[in-house]
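Structure first, then comments.
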């Protein structure tokens, strides 16, 4: 019975936190997720976020998927998962739009491969791809350093 009450109390506190939104302190200590995208876990069907994290209390800087997503305030730059608040940096689709525009401006012969394509599905692996990946890495390092 005590175990059940603990879960009820935690769920109640979580709902109250979501209703009020994150405090300044919540966001000050929240990990930063950049190049993020909403997704659905195949195994559970639950929504989650994936992206590159910095400042996570348990995980190293790098690519992660979150615990199930409970609330998303994209216009306010935050997300709440089952386990914690996240500050949201630049979403992946904004970076893809910038890269697409960059390569389109270079004219015929320039190619942009969307990140939504997996490595095994990409028909081109060459100098242009390596150059683009280096630019993404530099952009990512700049976002995380901010």
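The values are calculated or read from the model by the stated rules, or taken from the named source; none is laboratory data. On a predicted model such as this, the values are computed, not experimentally measured, just so you know. Because the Cβ atoms are built from the backbone with ideal geometry, glycine has one as well, and the counts that use them run over all protein chains shown.
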For this session: Being over 14 Å from residue 81 (Cβ atoms) and outside any strand (DSSP E or B) is the filter here, so list the residues in the range 28-54 that pass it.
Result: 28, 29, 42, 43, 45
Problem set entry | Criterion: part of a loop (DSSP other than H, G, I, E, B), in contact with a helix residue (DSSP H, G or I) (Cβ under 9 Å, 6 or more places away or on another chain) and touching a residue at least 60 places away in the same chain (Cβ under 8 Å) - qualifying residue of 22, 57 | 22
Exercise. Is there a residue in the range 86-97 that is modelled with pLDDT under 85, in contact with a helix residue (DSSP H, G or I) (Cβ under 7 Å, 6 or more places away or on another chain) and outside any loop (DSSP other than H, G, I, E, B)?
Worked result: yes
Problem set entry | Sole residue being more than 19 Å from residue 77 (Cα to Cα) and touching a residue at least 24 places away in the same chain (Cβ under 8 Å), chosen from 41, 11 | 41
Exercise. Since residue 36 meets every condition but one in (1) under 25 Å from residue 95 (Cα atoms); (2) surrounded by 10 or more Cβ atoms within 10 Å (Cβ to Cβ); (3) out of contact with any helix residue (DSSP H, G or I) (no Cβ under 7 Å at 6 or more places or on another chain), which condition does it not meet?
Worked result: (3)
Exercise. Residues in the range 6-19: is at least one part of a loop (DSSP other than H, G, I, E, B) and outside the structural domain of residue 97 (by TED's automatic domain parsing)?
Worked result: no
